[in-house]
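Step one of this worksheet: look at the structure below.
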Amino acid sequence: MSASNPLVQIETSLGEIVLELNAAKAPVSVANFIAYANAGHYDGTIFHRVIKEFMIQGGGLTPDLAEKPTGEPIKNEATNKLRNKTGTVAMARTSEVDSARAQFFINTADNRSLDHAGSKPEAFGYAVFGEVVDGMDVVYTIEQAATGNVGDYQDVPLEPVIIERVTVID
C-alpha cells in the first residue's frame, strides 16, 4: 500500500470487505469516498440494490430506505481506463454523467457495458476507483441475498445487509 492507494475496510452485517483505492487514476472519486467514510456517512447504511451476476450497490440509504443527505455531485472519472471488472468498485450515479455523490457499487461480474465508451451520456460509463483485495467471499454472500421490490426500489435485499462502518486503514 502507498499513500496513493489507501486501504478501506467495510464492515457489514455479513462480514468484512477491504478495498484498495486508486488515487492516482481516480483522485476525485477516492477523495470523495474517503471524505464520506471519515464523516461516518456510510455507517448504518445498507446495500440496497443487489443483482446477481452484476453488482451490489450501497452507501446511500438507511435500512428503512431513507436517503441520507449528501454533498455536491463529483466529476465522473470514467475516462481513467479502469474497467468495471469483477471485484472492482465504482461510483454509482444517475443518467446524468457528473451526478455521483456517495453511493458506490462492487462489480460481481465483468461489466464492460459500464466502461467508458464515448462522450454521450449513455456511453460515458461509471468511474472505477478501486478494487476488493480481501472479502470477495462476503461480496458473493451479499450477492446471493433474496431480493424484491420495496416501495419505489427494486432488487432490495429482503433481509437488510447493513454497512456497519467504513474505516480508512493507515
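The values are calculated or read from the model by the stated rules, or taken from the named source; none is laboratory data. Here the structure is a predicted model, which means the values were calculated and not measured. Cβ sites come from the backbone with ideal geometry, for glycine too, and all protein chains shown count toward neighbours. What goes into the accessible areas is simple: the full protein's heavy atoms, side chains included, and nothing from ligands, DNA or RNA. Shrake-Rupley method; radii C 1.70, N 1.55, O 1.52, S 1.80 Å.
Key figures for this structure:
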quantity	calculated
Within the chain, helix-based [θ] at 222 nm, where runs of 4 or more DSSP H residues each add -39,500 (n - 2.57), nearest 500	-3500 deg cm²/dmol
Sequence-distant residues sharing a close amide H with ARG49 (under 5 Å, placed H)	GLN57
Sulfur and carbon atoms: percent of accessible area, the chain [1.4 Å]	49 percent
Contour excess over end-to-end distance, with Cα ends at TYR153 and GLU72 and 0.36 nm allotted per residue	26.9 nm
Estimated vicinal HN-Hα couplings, Hz - the range 118-123 in sequence order (Karplus 6.51, -1.76, 1.60; Gly, Pro = x)	x, 8, 5, x, 6, 10
Karplus-derived HN-Hα couplings along the range 20-33 (A = 6.51, B = -1.76, C = 1.60, θ = phi - 60°), whole Hz, x at Gly and Pro	10, 8, 10, 6, 5, 9, 9, x, 5, 5, 5, 4, 4, 4
Given [x] 16.3; [y] 15.7; [z] 18.8, the label whose value is Kirkwood radius over Cα pairs in Å derived from this model	[y]
ARG101 accessible area, 1.4 Å probe, all protein chains in place, Å² to nearest 10	90 Å²
Selected from TYR140, TYR153, TYR126 as most flexible by GNM, with the chain as the system and alpha-carbon contacts under 10 Å	TYR153
Listed residues LYS25, LYS68, LYS120, most fluctuating in the chain (Gaussian network, C-alpha, under 10 Å)	LYS120
Nearest-10 value in Å² for the accessible area of ASP110, using the 1.4 Å probe	110 Å²
Interchain or long-range residues, amide H under 5 Å from VAL97's placed H	none
Within straight-line cross-link reach of LYS25, lysines at Cα separation under 23 Å, skipping those fewer than 8 residues along the same chain	LYS75, LYS81, LYS85, LYS120
Accessible-area value, LEU14, 1.4 Å probe, nucleic acids and ligands omitted, Å²	80 Å²
Local electrostatic count, GLU16, Cβ distance below 11 Å [Lys/Arg +1, Asp/Glu -1]	-3
Solvent exposure ordering (accessible area, 1.4 Å, most first) of PHE54, PHE104	PHE54, PHE104
Principal axes of the range 34-105: Cα extent on each, largest first, Å	34, 30, 23
√(5λ) per eigenvalue of the Cα gyration tensor, the range 1-61, largest first, Å	21, 14, 12
Test item: Cα-centred dipole of the range 63-127, Lys/Arg +1 and Asp/Glu -1 on Cβ, debye	260 debye
